[in-house]
Amino acid sequence: MDCGEFGQALSGTSNPLAHFLPQAAVSPFVGAGINFTRFFDVEERGPLRGTDLDLGDSWGFAVHAGVDFRISDRWLAGVDFRWIDIDTTARIRASSLFREDISLHLRVRRGLRKRLESSSPGMCS
C-alpha cells in the first residue's frame, strides 16, 4: 500500500467468513477480524525533511462483506468490500509528535476464485 508522503505499508488481515448460501448461484458472505500494518521506507518531506521520522505499527479491527457468483461447479466470480481501521503514531527522534488516524474506510476488490473441492455429490476432485 502506498501511504503518499509517508512511505510504504505492508498490511495483513485475518478474518473468518460466514457464507450464507455456499451452494447457491449467488452466495453472500460477511466476516470480521483483525488487521496488522507495518510502515516502512518512511520518507521525511517538507518541514520534516532531515529528521528521523518513524511510523509505529498498527493493530485494528476489520469487517468484510461480499457476494460470490457461481460460474461453474468449481469457479466463482465475486466482489467484496472491506473496512479496515489502521492507526499509527508518528515519532521524531524517540519523542511522540502526533497521532495520525489513517483509517482505510473502504477497500473494494473483485476477483475470480476456484474451489479446491467439488460441492456436487458424485464429482471427483
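The values are calculated or read from the model by the stated rules, or taken from the named source; none is laboratory data. Here the structure is a predicted model, which is why all the values come from computation and not from measurement. Cβ placement follows ideal geometry from the backbone for every residue including glycine, while neighbour counts extend to all protein chains displayed.
Per the conditions (1) under 13 Å from the mean Cα position of the chain (by Cα); (2) at pLDDT 90 or above, the sole criterion not satisfied by V30 is (1).
Scanning the range 7-56 for residues that are loosely packed, with under 15 Cβ neighbours inside 10 Å, among the polar types (S, T, N, Q) and part of a loop (DSSP other than H, G, I, E, B) yields a total of 2.
Condition test on D80, is it at pLDDT 75 or above and under 16 Å from L21 (Cα atoms)?
On the way: at pLDDT 75 or above: yes; under 16 Å from L21 (Cα atoms): yes.
Judged against the criteria, D80 is a match.
Tally the residues that are outside any strand (DSSP E or B) and not acidic (D, E), restricting the search to the range 62-88. Before you say what the answer is, go through the steps one by one.
Step one: list which residues in the range 62-88 are outside any strand (DSSP E or B), which gives 71-74, 85-86.
Add one more test, that the residue is not acidic (D, E), and what stays is 71-72, 74, 86.
Within the range 62-88, residues that are outside any strand (DSSP E or B) and not acidic (D, E) number 4.
Does D73 satisfy the criteria of being surrounded by fewer than 13 Cβ atoms within 10 Å (Cβ to Cβ), within 30 Å of L112 (Cβ to Cβ) and in contact (Cβ under 8 Å) with a residue 24 or more places away in the chain? Here the answer is yes, as D73 does meet what is asked. For S125, state whether it is over 20 Å from the mean Cα position of the chain (by Cα), modelled with pLDDT under 75, of a type outside the set (A, V, I, L, M, F, W, C) and more than 23 Å from G31 (Cβ to Cβ). So S125 fits the description; yes.
Applying the selection to the range 61-70, what residues are surrounded by 18 or more Cβ atoms within 10 Å (Cβ to Cβ) and either more than 20 Å from the chain's Cα centre (by Cα) or more than 23 Å from G111 (Cα to Cα) (or both)? Within the range 61-70, R70 is the sole residue that qualifies. Taking the criterion of being surrounded by 15 or more Cβ atoms within 10 Å (Cβ to Cβ) and at pLDDT 60 or above, the residues of the range 88-109 that qualify are T88, A90, R91, R107.
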